[in-house]
Amino acid sequence: MEELIISNDNLKKIVHELLNNDCRVIGTTAENKFKEIESADELVLNPGSVPTGSSFKEYFFPKTEPLFFYKQNHSNVDLFDPIPDKSKIVVLGAKPCDAAALPIISKVFNWDYKDDLFNSRLDNSLIIGMSCHYSDEFCFCNDIGGSPENMKGSDVFLKPLADNYFKVTSITPKGEAFIKEYQKYFEKDLGKNKPIERKVENPKHFDYDKVKTWLDNNFENKFWDTAGEMCLGCAQCAFVCPTCHCFDIIDEQNGSCAGRRAKNWDACQFSLFTKHASGHNPRDNQEKRYRQRISHKFKYYMDKFDEVLCTGCGRCSRGCPVSLDILQVVEEINSLPENSNSIQ
Amino acid sequence: MEEKFEPKIAAFVCNWCTYTGADLAGTSRLKQEANARLIRVPCTGRIDPVFIIKAFENGADGVLISGCHPGDCHYNAGNFHARRRWILFKNLLDFIGIDSSRLYFSWVSASEGKKWVDIVDGVIDAVRIKGPFKQYKKMNKEIEIPVAVEEGVSVK
Amino acid sequence: MNELKQICKDALTEKKARFIIGYKEDKNKRVKPFIAKTPEDAEKLTFSHHAVNNLAVYLSRFKNNIDGKIGIVVKSCDLKAVTALIQENQIKRDDLFIIGVNCSGVVLDVAKEFNKDNTQIKCKYCQAKTPPYYDALAEESKEFEMPDDDQAELMAKIDKMTAEERLEFWNAEFEKCIKCYACRQVCPMCYCEKCIVEKSEPQWIDSSSTSRGNFSWNIIRAFHQAGRCIGCHECERACPMGIPLTLLTRKMGMVAFSEFGYRHGTSLTEPTLIGTYSTSDKEDFIK
Ligand code: SF4
Ligand code: SF4
Ligand code: SF4
Ligand code: SF4
Ligand code: SF4
């Protein structure tokens, strides 16, 4: 297949067309936030920017969404399905650590129950990823199988070239169809625009297999007593995380005889998360809840779905009000002897 | 043809004075408008501002709060504590831009059946003029059954 | 700096405190909360412009499981939270070993250096850089340039808006809320064992982040802080959605002062604003 490139201007023209075709375009703006953009000019693609404060998961897994509505009708109850969201979603400029999260959480949403709401959005979407030219002390994609050039989760992938051009790679049939549809905007790569060099390095921080083995054997380790000691349980980390996917289901009244059942974000750092109706709470302190966070990300999800439930984006650490740094915690685990129960 | 707007008023009243006053209005066969739903609480001190929010969420166009006159509280100081809270709460509503003039306060004693009728009628008239509390009703948008969905499935 | 370490080391050696809640610097030079349990741990304690956290938030968590005193490192703004907790009977003065630090301003963005443009809002109107009381005092007091109090300007601007404009302003802000409750978790004054949002019979506040749920949460949170907020600005710092939460709580503090002459966290013995009343409180709005 021939190599293609596209100019930033033409990319914007595509966005313009997409918007005219009632597509929802999710892109990064000048404030470096993911947003449903209203005009192509809002879009700012900058491979060198830090990952956005929040991930774009809310466009696939909204912070709150109705499952059904109900209304009392004499002695019956009428149920109403929510209007299915059929519009096409195009995400533009997803970093590898953002895009990779979708196939990861897709596994849990398609495990014993197929989550139609999530699936229909994902099926109707096109993810345009972009290589990343950023790295800071919180990033660690390369330690868990990712990389700044990783195309996992993307349908089309962009690599920045000189003079505001991008090299285009299509990864999936969806991506291929997209390029075909808008082919007039793409150009043949004649090698005129040199690739922009990545100026930062991602150092190696830990050995994932070692961390996994430690986690397999040290549920009761003393390490956990201090790892999450300063955690406030605010769950900011889970809510900004591209891979956290926990939710709660609740019923909500509207007046006296109607209402809806909704699915809302939830997180294991809340004390209520595991509280039983009896009042008993198996994870009764923050240290245990923090252990759950780390273990779910780096052990349980791997055991169950063969994926690390983390893409190494570092958002959770950048935003943590007490600067609890997930990378430093994992690095510390990495430095512990394999079965360090003995050092208690 | 527009239907005449009939406001819904939630009235939180204390057990010892205003509720008894409203009762007196009834036993004295005083006429009053029927738009207010009375909610009896032990004391105005029991009225958490979240009750007011809840009333607005559930469609109240106005809220009336009424209890014993200062000094008459059955629990000595419940209404004094409540008064402080209302001052703060009204200021908060104002700063956020919620129309705090839809919130009415009064002291009505057990013997003031007539005063109760005047107050309730006054509030109902005032809110009728203001019209429905659209500002707040708009906030229910995500919880309402979407207009586009017409047919539901009936279950027992 | 060494002074702080020395004080804490001595306090731990002489058992004046069972442990000390303070700050340490991690390997990436981030200053974060840390608990020193042994005299050796005290070596790690530090203080700087980057010591933003209000450590008083930990007091409610740790107060139940210790015998002996809790040591805590506080700036003058943080001390207000300690005072308020004592005033609200959450903790006893005698159970604390307070290590005050002279503060010369803390940063807004922890990733950047401290300067005039990177100063926390609260520092822009801070009255006392030295904590008014303590068991030990560390750090030199340094002058720093206090930038304009732009929050007060914004507040005045909101005051001048019409009610509709104000509601529009706040709706746009509350819309962003994702109901993570980080604002509650970092707040030293939010110590309820069961928060009102967790009460589900009835569900007083919707747990969904819909317009209605976000609105009632934010308004009730602000109300629960009315005249109780001590102005540490931790809620706003923690909010991942950047909602200007302290505009509300600061405004309510101003109302508490103008209506009742009350400022929370400034006296160990004065009854709290809501815990008391005056027969002469105004009632021109009551019929
Ligand atoms: S953001 Fe930090 S303090 Fe909050 S729950 Fe996560 S780790 Fe704990
Ligand atoms: S756990 Fe933290 S680093 Fe990992 S994907 Fe989530 S936000 Fe990113
Ligand atoms: S880390 Fe916690 S919030 Fe995130 S997916 Fe796992 S259990 Fe859920
Ligand atoms: S409401 Fe905010 S500013 Fe006030 S005490 Fe709590 S965290 Fe601090
Ligand atoms: S921290 Fe911000 S987003 Fe989270 S609940 Fe509070 S106001 Fe909402």
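The values are calculated or read from the model by the stated rules, or taken from the named source; none is laboratory data. Fair warning: this is a prediction, and the values are worked out from it, not measured in the lab. Here the Cβ is made from the backbone with ideal geometry for all residues, glycine too, and neighbour counts use every protein chain on show.
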Test A:ASP163 against the criterion of being under 27 Å from A:ASN264 (Cα atoms) and more than 18 Å from the chain's Cα centre (by Cα), and give yes or no. no
Please go through (1) surrounded by fewer than 20 Cβ atoms within 10 Å (Cβ to Cβ); (2) closer than 25 Å to C:VAL57 by Cα; (3) in contact with a helix residue (DSSP H, G or I) (Cβ under 9 Å, 6 or more places away or on another chain) for A:GLY279 and return the number of the only condition it doesn't satisfy. (3)
With (1) among the hydrophobic types (A, V, I, L, M, F, W, C); (2) out of contact with any Cys (no Cβ under 8 Å at 6 or more places or on another chain); (3) within 16 Å of ligand 4 (Cβ to nearest atom) as the list, and A:CYS234 as the residue in question, which single condition is left unmet? (2)
Residues in region A:234-244: is at least one surrounded by fewer than 19 Cβ atoms within 10 Å (Cβ to Cβ) and within 30 Å of A:ASP9 (Cβ to Cβ)? no
Among the residues of region B:73-83, is there at least one that is buried (at least 16 other Cβ atoms within 10 Å of the Cβ) and more than 19 Å from C:ILE274 (Cβ to Cβ)? no
Restricting region C:234-283 to residues that are under 23 Å from B:ASN76 (Cβ atoms) and of a type in the set (A, V, I, L, M, F, W, C), which is surrounded by the most Cβ atoms within 10 Å (Cβ to Cβ)? C:LEU273
In region A:259-315, how many are away from ligand 5 (no atom under 16 Å from the Cβ) and within 30 Å of B:ASN140 (Cβ to Cβ)? 7
Across region B:57-78, what is the total count of residues that are facing another protein chain (nearest Cβ under 9 Å) and touching a residue at least 60 places away in the same chain (Cβ under 8 Å)? 2
Test A:ILE6 against the stated conditions and say whether it is more than 14 Å from every other protein chain (Cβ to nearest Cβ), in a strand (DSSP E or B) and over 17 Å from A:ILE89 (Cβ atoms). yes
Could you check region A:118-175 and list, in sequence order, the residues that are of a type in the set (S, T, N, Q) and assigned to a loop (DSSP other than H, G, I, E, B)? A:ASN124, A:SER131, A:SER135, A:SER147, A:ASN150, A:SER154, A:ASN164, A:THR172
When every residue in region A:301-323 that is more than 16 Å from A:ASP143 (Cα to Cα) and among the basic types (Lys, Arg) is compared, the one farthest from ligand 2 (Cβ to nearest atom) is A:LYS304
Only listed residue being more than 9 Å from every other protein chain (Cβ to nearest Cβ), under 28 Å from A:THR52 (Cα atoms) and not in a loop (DSSP other than H, G, I, E, B), chosen from A:ARG289, A:ARG318: A:ARG289
Looking at this structure, is C:ILE20 in contact with a strand residue (DSSP E or B) (Cβ under 6 Å, 6 or more places away or on another chain), assigned to a strand (DSSP E or B), in the same structural domain as C:ASP67 (by TED's automatic domain parsing) and over 24 Å from C:LYS142 (Cβ atoms)? no
Report yes if A:PRO321 is under 27 Å from A:LYS57 (Cα atoms) and within 16 Å of ligand 5 (Cβ to nearest atom), otherwise no. yes
Filter region B:133-153 for residues that are assigned to a loop (DSSP other than H, G, I, E, B) and buried (at least 18 other Cβ atoms within 10 Å of the Cβ); the one that is modelled with the lowest pLDDT is B:GLY152
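The rows are residues; the columns are (1) at pLDDT below 90; (2) within 12 Å of chain B (Cβ to nearest Cβ); (3) within 24 Å of B:ILE65 (Cα to Cα).
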{"site": "C:CYS192", "(1), (2), (3)": "no, no, no"}
{"site": "C:ASP206", "(1), (2), (3)": "no, yes, yes"}
{"site": "C:ASN214", "(1), (2), (3)": "no, yes, no"}
{"site": "C:ILE230", "(1), (2), (3)": "no, no, no"}
{"site": "C:CYS239", "(1), (2), (3)": "no, no, no"}
{"site": "C:SER278", "(1), (2), (3)": "yes, yes, yes"}
{"site": "C:ASP284", "(1), (2), (3)": "yes, yes, yes"}
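This table checks each residue for (1) assigned to a helix (DSSP H, G or I); (2) without any contact (Cβ under 8 Å) to a residue 24 or more places away in the chain; (3) surrounded by 13 or more Cβ atoms within 10 Å (Cβ to Cβ).
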{"residue": "C:ILE91", "(1), (2), (3)": "no, no, yes"}
{"residue": "C:GLY100", "(1), (2), (3)": "no, no, yes"}
{"residue": "C:ASN118", "(1), (2), (3)": "no, yes, yes"}
{"residue": "C:ILE158", "(1), (2), (3)": "yes, no, yes"}
What number goes with the only condition from (1) modelled with pLDDT under 95; (2) within 16 Å of ligand 2 (Cβ to nearest atom); (3) of a type in the set (Gly, Ala, Ser) that A:ALA267 does not pass? (1)
Just one of C:CYS123, C:CYS187, C:CYS183 is part of a loop (DSSP other than H, G, I, E, B) and crowded, with 21+ Cβ neighbours inside 10 Å; which is it? C:CYS187
Can you name the residue in region A:249-268 that is closer than 12 Å to A:LYS63 by Cα and more than 11 Å from ligand 3 (Cβ to nearest atom) and is also surrounded by the most Cβ atoms within 10 Å (Cβ to Cβ) among such residues? A:ALA262
If we scan region A:313-327, do we find a residue that is away from ligand 3 (no atom under 11 Å from the Cβ), among the hydrophobic types (A, V, I, L, M, F, W, C) and touching a Leu at 6+ places or on another chain (Cβ under 8 Å)? yes
Looking at region A:131-149, is at least one residue farther than 30 Å from C:LYS112 by Cβ and surrounded by 18 or more Cβ atoms within 10 Å (Cβ to Cβ)? no
When region A:236-252 is checked residue by residue, the ones that are free of Cβ contacts under 8 Å to residues at least 40 places away in the same chain and at the interface with chain C (Cβ under 8 Å from one of its Cβ atoms) are A:ASP248, A:ILE250, A:GLU252
Result of the Cβ filter at 7 Å on region B:128-146, keeping first residues that are within 21 Å of A:LEU67 (Cα to Cα) and partners that are among the small types (Gly, Ala, Ser) and in a helix (DSSP H, G or I), at least 6 apart or interchain, is B:MET139/C:SER211; B:LYS141/C:SER211; B:GLU142/C:SER211
When restricted to C:THR119, C:THR130, the only residue of a type in the set (S, T, N, Q) and touching a strand residue (DSSP E or B) at 6+ places or on another chain (Cβ under 8 Å) is C:THR130
Which numbered condition A:LYS299 fails, given (1) over 21 Å from C:PRO240 (Cα atoms); (2) without any contact (Cβ under 8 Å) to a residue 40 or more places away in the chain: (2)
Hey, any hits in region B:30-44 for a residue that's under 28 Å from C:ARG212 (Cβ atoms), away from chain C (no Cβ under 13 Å) and among the acidic types (Asp, Glu)? no
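Yes/no matrix, rows are residues, columns are (1) within 14 Å of chain C (Cβ to nearest Cβ); (2) at pLDDT 90 or above; (3) touching a Gly at 6+ places or on another chain (Cβ under 9 Å):
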{"position": "A:GLU176", "(1), (2), (3)": "no, yes, no"}
{"position": "A:ASP189", "(1), (2), (3)": "no, no, no"}
{"position": "A:LYS210", "(1), (2), (3)": "no, yes, no"}
{"position": "A:PHE219", "(1), (2), (3)": "no, yes, no"}
{"position": "A:MET230", "(1), (2), (3)": "yes, yes, no"}
{"position": "A:CYS234", "(1), (2), (3)": "yes, yes, no"}
